[in-house]
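These notes concern the structure reproduced below.
The values are calculated or read from the model by the stated rules, or taken from the named source; none is laboratory data. Remember, it's a predicted structure, so these values are computed and weren't measured experimentally. In this analysis, Cβ positions are derived from the backbone assuming ideal geometry, glycine residues included, and neighbour counts consider all displayed protein chains.
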Amino acid sequence: MGLFRMPSLGADMEAGTLVEWLVKPGDSVKRGQVVAVVETQKGAIEVECFEEGTVEELLLAPGQKVPVETPMARIRAPGEVPAAAAPAAPPPPAAAPAAAPREAPSVAKAAAPPPPPPPAPTAGPKVSPAARRRALELGVPLDRIHGTGPDGAITVADVEAAARGAAAEAPTPAPAPAGPVSPKAEAVRAAPRRGFDPVEMRKAIAAAMSRSKREIPHYYLATTVEMARALAFLEAVNRERPPPERLLPAVLLLKATALALREVPELNGFWVEGGFRPGPGIHLGWAISLRGGGLVAPAIHDVDARPLPELMAALRDLVGRARNGGLKSSELADATLTITSLGERGAEAVLPVIYPPQVAMVGFGAIVRRPWVDDEGGLVARPVVQVSLAADHRASDGHLGSRFLAAIADHLQRPESL
Amino acid sequence: MTREELERVVADVLAGIAPEADLASVKPAEDLREALDLDSMDFLNLVIGLHERLGIDIPEADYPKLFSKEGLLAYLVTKTGG
């Protein structure tokens, strides 16, 4: 029996609110399947399941806010015997060790501010298992139901009354439609970005960046890379392609960084428990500024192994979903190094602030035309980009960082190898 | 297509990229990217949207003609056969 828990989507996340379930008891689930939508400080996130099996029971109702690691559902592994049609009433969420992390991302936790006390519903009113199930079916948060049973316990009738009341009030953008039909993830994506609160996002950024500057002894390096070959390569590629298949310079910067990390893997990973832990792959976070303020840096997986057109499609898709909602939990949790690229109208150079517990961040300024001394010693105008590195001095030294920047520059001089 | 029709198409495509962008507020000679805070990904999405809606090819070499509102509309009028 596995427990599906509220995931930690980055060092700055303490709690999340269940917006809706995309599965119901009895559904089989696969690894990587989106099973729920959770509202975080970074907006509504599609949460993936990392176990295979059958959904046995949903432990949270939409609207409930719980700390990271709180069990949200029970998943029965393939071949496991069902829990005898569940006469054994499951413990309400409150009984679960809400704030106890399963495995210690302990450095992260130790420094992070203490998690907020569990919200009221988890300390919770008494609810019969049948009433809990009915509340889930109707999508009524338990904390909005007035209990009329013994000791104020919530009964099925109370749930149904609350559901009718909610319908009568026609509340704010209704949560999931009631009933057994799972809304499709596509519908979620099509909906306007939900749950994105600029104030909350600012708080998340403040927490992560304060922690970074408090804990990480940054060192910075920068170099200027000539981009004439890279841009000529792009121009030639794009001339033959219709707009939807065209590449942006950003994708060259992304891939060059990934290939350089293959050569300097010491910068790809995390600083945890007083030591460096290599990343499980080259999953690069891409900083995306959001209209209306704020920033997210979701990951593109296995960048080093993917061809440019595929990376371009992934980048377009990611930017769209970051701005309109629909980022996945793995995208927020998996980045092994983050890139910030200021784009064509940005400043010429950036000295990034590392996103903990990563050990490095790469910055690209705008590509601009500047005087350049060519191989023959002549002065010419060339497109150039400033590439910078912020790295954690606990994990590496400037010599290694210099090698890494040189590797990025080298790959950008050989664009056909990207 | 007429200029007015094309302006509506552009506004429509933009709405999907930058919902708060107000094309009507942009002065004719102003750079759309500056005025509406479009990055290169947004601009590419604008080109893709126009390509798909109007069925016209827009070579990358032509992008500089599309940066101002009047330049963009004049370009589209020509491309769609006036």
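What number of residues within region B:28-49 satisfy the criterion of being exposed (fewer than 15 other Cβ atoms within 10 Å of the Cβ) and touching a helix residue (DSSP H, G or I) at 6+ places or on another chain (Cβ under 7 Å)?
Step one: filter region B:28-49 for residues exposed (fewer than 15 other Cβ atoms within 10 Å of the Cβ), giving B:28-29, B:34, B:37.
Narrowing the set further to residues that are touching a helix residue (DSSP H, G or I) at 6+ places or on another chain (Cβ under 7 Å) leaves B:28-29.
Final tally of qualifying residues: 2.
Residues in region A:276-293 that are at pLDDT 95 or above, in a strand (DSSP E or B) and under 21 Å from A:R316 (Cβ atoms): A:L284, A:G285, A:W286.
Okay, residues lined up against (1) at the interface with chain A (Cβ under 10 Å from one of its Cβ atoms); (2) assigned to a helix (DSSP H, G or I):
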{"site": "B:E4", "(1), (2)": "no, yes"}
{"site": "B:E7", "(1), (2)": "no, yes"}
{"site": "B:A21", "(1), (2)": "yes, no"}
{"site": "B:A24", "(1), (2)": "no, yes"}
{"site": "B:F43", "(1), (2)": "yes, yes"}
{"site": "B:V47", "(1), (2)": "yes, yes"}
{"site": "B:E70", "(1), (2)": "no, yes"}
{"site": "B:G81", "(1), (2)": "no, no"}
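A count restricted to region A:204-249 and to residues that are of a type outside the set (S, T, N, Q), more than 14 Å from chain B (Cβ to nearest Cβ) and assigned to a helix (DSSP H, G or I) stands at 13. Of the listed requirements (1) more than 11 Å from chain A (Cβ to nearest Cβ); (2) in a loop (DSSP other than H, G, I, E, B), B:D37 misses just one: (1). The set of residues from region A:322-359 being crowded, with 22+ Cβ neighbours inside 10 Å, under 19 Å from A:P280 (Cα atoms) and among the charged types (D, E, K, R) comprises just one member, A:E331.
Scanning for something surrounded by fewer than 22 Cβ atoms within 10 Å (Cβ to Cβ), within 14 Å of another protein chain (Cβ to nearest Cβ) and either touching a strand residue (DSSP E or B) at 6+ places or on another chain (Cβ under 6 Å) or free of Cβ contacts under 8 Å to residues at least 60 places away in the same chain (or both), does region A:275-286 turn up at least one residue? Within region A:275-286 (the criterion being surrounded by fewer than 22 Cβ atoms within 10 Å (Cβ to Cβ), within 14 Å of another protein chain (Cβ to nearest Cβ) and either touching a strand residue (DSSP E or B) at 6+ places or on another chain (Cβ under 6 Å) or free of Cβ contacts under 8 Å to residues at least 60 places away in the same chain (or both)), the answer is no, since none of the residues qualifies.
Restricting region A:311-336 to residues that are modelled with pLDDT of 90 or more, assigned to a loop (DSSP other than H, G, I, E, B) and not charged (D, E, K, R) leaves a set whose member that is nearest to A:I45 (Cα to Cα) is A:A335. Looking across region B:50-64 at every residue that is more than 9 Å from every other protein chain (Cβ to nearest Cβ) and farther than 19 Å from A:P249 by Cβ, the one that is surrounded by the most Cβ atoms within 10 Å (Cβ to Cβ) is identified as B:L54. Looking at A:L59, is it surrounded by fewer than 22 Cβ atoms within 10 Å (Cβ to Cβ) and in contact with a strand residue (DSSP E or B) (Cβ under 6 Å, 6 or more places away or on another chain)? When the stated conditions are applied, A:L59 does not pass them.
When residues of region A:337-386 are filtered for being assigned to a loop (DSSP other than H, G, I, E, B) and within 14 Å of chain B (Cβ to nearest Cβ), how many remain? Before the answer, list the steps.
First, pick out the residues of region A:337-386 that are assigned to a loop (DSSP other than H, G, I, E, B): A:342-357, A:359, A:365-367, A:374-378.
Now drop any that are not within 14 Å of chain B (Cβ to nearest Cβ), which leaves A:342-347, A:365-367.
Total meeting the criteria: 9.
Within region B:33-59, the set of residues being farther than 21 Å from A:S341 by Cα and either in contact (Cβ under 8 Å) with a residue 40 or more places away in the chain or not β-branched (V, I, T) (or both) comprises B:G49, B:L50, B:H51, B:E52, B:R53, B:L54, B:G55, B:D57, B:P59.
Residues are listed down the side, and each one gets a yes or a no for (1) surrounded by 20 or more Cβ atoms within 10 Å (Cβ to Cβ); (2) away from chain B (no Cβ under 12 Å); (3) farther than 17 Å from B:M41 by Cα:
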{"position": "A:V251", "(1), (2), (3)": "yes, no, no"}
{"position": "A:V264", "(1), (2), (3)": "no, yes, yes"}
{"position": "A:G294", "(1), (2), (3)": "yes, yes, yes"}
{"position": "A:H301", "(1), (2), (3)": "no, yes, yes"}
{"position": "A:G320", "(1), (2), (3)": "no, no, no"}
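Taken over region A:261-275, the criterion of being under 27 Å from A:M201 (Cα atoms) and either in a strand (DSSP E or B) or small (G, A, S) (or both) is satisfied by A:G269, A:F270, A:W271, A:V272. Does region A:393-403 contain at least one residue that is part of a strand (DSSP E or B) and crowded, with 16+ Cβ neighbours inside 10 Å? No, because not a single residue in region A:393-403 is part of a strand (DSSP E or B) and crowded, with 16+ Cβ neighbours inside 10 Å.
Taken over region A:41-74, the criterion of being over 17 Å from A:L9 (Cα atoms) and part of a strand (DSSP E or B) is satisfied by A:G53, A:T54, A:V55, A:E56, A:E57, A:L58, A:A73, A:R74.
Which of the residues spanning region A:369-386 are among the hydrophobic types (A, V, I, L, M, F, W, C) and free of Cβ contacts under 8 Å to residues at least 12 places away in the same chain? The answer is A:V373, A:L379, A:V380.
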